[in-house]
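Coordinate-derived values only; no laboratory data. Please read all numbers here as calculations on a predicted model, not as lab measurements. Positions of Cβ are generated from backbone atoms using ideal geometry, with glycine treated the same way; all protein chains shown enter the neighbour counts.
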Amino acid sequence: MKFLSNKHSQSILIYLITSLLIILIFEACKKEKNQFDEPEVKILSPSEGEVFKIYDTVFIKARVQHSRNILKATLSITDTDLKRIEGGPTLFPDTTVFTIDTYIILSNRYVQETENYLLIEIEDDNEAFNFWYNLRIVPLDKELQNILVITGAPDNPGIIHQSHFTADMTGNLNRLYKISSSGTYSKINEWTSEFIGGYTDSKFRLFYSSGSIESGISGFDIEQNITRWNVPAQSAGSIPYFTTFDGYEGKVAVGIYDGSVECYDQNGIILMKTVKQPGGRFSTIRIFDKWVVGVFNPFDGTNAKLYIFNNPAGNLYDIMNLPGKSAKLIPLDLKQMLVIVDESGNNEAYTYNFVQKQFNYLHEVTSDPLYRSTGLGNDIFFISEGGVKWYRANIGSTVDYLQIDSVNSIAYDAVGSTLFVGRGNILYSYSLPLTTPSSSIAFPEEIKEISLLYNK
């Protein structure tokens, strides 16, 4: 019998131990790999790239299988930047195999993209897995839904004197009417106070209004016909507490008697309050995407100043002297606004570039007095003595569009190219460029303001 040497025996032993370690490591890696296998998700509906419209229901059916217990499954719809645009249900299956059978209603009226994703998030006790599936959502075309009309006896909005701001306000009865697409109207609210301005928020379905002495700012729910919130005017002696008002995309801003500006969101929560500017008050204010702009009138009767504040930080971004005592602020594009300055009877047009902080002269608009305005960009309308003027900044054209008297309110629908004009207690509609009204509606009281509610 032949025996192996000790040296040979040790080599065999080392070989066996090494082989065993390799097998154990391989099995451990295989087990570890299996432990972190992804779930299998098979979408049965919707089909890949299926097309939907706003207000459609997306029915979702899928089969999910995993090597471990699935604790949670969350469904949503996202845009191409993976930002959630519609939330969906969250399921807690607590099993390794289950079927998703649910739906998501497309109620977001502000979807802009056509390429979107159905996102299914699967979670086990170790990690989360995301699965995306293409679908297409056709954006909703913007269209006019309702016309809102505020009626009541006219207020005296106050005038700027050399040393103080006074107003002879009376508690007039204001009524808010909503006109349907069929042309019928119904009263949805009424309140007693002075009225300095209103704004319709199509996104949050609210109508914001502001008084100055007896009442403050309120947010009225147009769908439910109830007042959601109110910020009361505080005591300021015999002068108005709120001096001017504007609204833009879920925000409202007001000038305060002490020379400051406040901005509120759709819930009535204050977003910003600027530092007080002594020696005068804001007579005009306008909210833009990133800025709040105000025309500041000194008490000493000198020319107005233009203040630009960062929105919503509220810090002063820029300030400049204007070549006149009053001005109108009109959006031109995302980077610029029009400033129409009354220079001793002549209305001159300037542009202000927010990025470059440049104030440039354009041309003369008209020598006639200009009052309220509507529109933006290159289709702007002014109430003037003897009618309505149509101004186009890109070509420097100002024409007498309507030669009529007693115009007290205007509103321009750029989507439908329609100008709404309030004369006395009658609302007229003009389809541009026609100068004869296409329709008219009579109200019980005089029209103070016209505001437009869109579907998005």
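For q = 0.09, 0.13, 0.14, 0.18 Å⁻¹, what log10 I(q)/I(0) does the stretch 204-326 give under the Debye formula with an equal point scatterer on each alpha carbon and no solvent? Log10 of I(q)/I(0), two decimals: -0.24, -0.50, -0.58, -0.91. If you plug the beta carbon distance of residue 415 and residue 182 into 1/(1 + (r/R0)^6) with R0 = 25 Å, you get a FRET efficiency near 0.85. Charges were assigned to the Cβ only: +1 to each Lys and Arg, -1 to each Asp and Glu. The resulting dipole of the stretch 323-456 about its Cα centre is roughly 420 debye.
For the set 251/276; 72/203; 83/251; 61/456; 142/178, the pairs lying more than 27 angstrom apart at their alpha carbons are 72/203; 61/456. In the chain, the DSSP-assigned H stretches of four residues or longer account for a calculated mean residue ellipticity at 222 nm of -2500 deg cm²/dmol, using -39500 (n - 2.57) per stretch and the full residue count as denominator. This model, with +1 at the C-beta of Lys and Arg and -1 at the C-beta of Asp and Glu, gives the stretch 104-145 a dipole about its Cα centre of some 440 debye. For the stretch 289-407, the number of Lys pairs with C-alpha atoms closer than 19 Å, counting only pairs eight or more positions apart or on separate chains, is 9. Placing unit charges on each Cβ (+1 for Lys and Arg, -1 for Asp and Glu) gives the chain a dipole about its Cα centre, and among 149, 82, 351 the Cα reaching farthest toward its positive end belongs to 82.
Projecting the Cα positions of 210, 182, 200 onto the charge dipole of the stretch 175-214 (unit charges on Cβ atoms of Lys, Arg, Asp and Glu, taken about the Cα centre) puts 182 furthest along the positive direction.
Counting 0.36 nm for each residue step from residue 289 to residue 53 and taking away their Cα separation leaves a gain of 82.1 nm. The modelled label-to-label distance between residue 436 and residue 299, using points 7 Å beyond Cα along the C-beta direction, is 5.6 nm. Extension gain, residue 361 to residue 74, is 97.7 nm, computed as 0.36 nm per intervening residue step minus the present C-alpha separation. Relative to the longest principal Cα axis of the chain, at what angle does helix 6-35 sit, 0 to 90 degrees, rounded to 10? Once rounded, one gets 30 degrees. Here the simple spin-label model places points 7 Å from the Cα toward Cβ, and for residue 406 and residue 82 these points are separated by 6.3 nm. Only the Cβ atoms of Lys and Arg (+1) and of Asp and Glu (-1) were treated as charged; on that basis the dipole of the chain about its Cα centre amounts to roughly 1020 debye.
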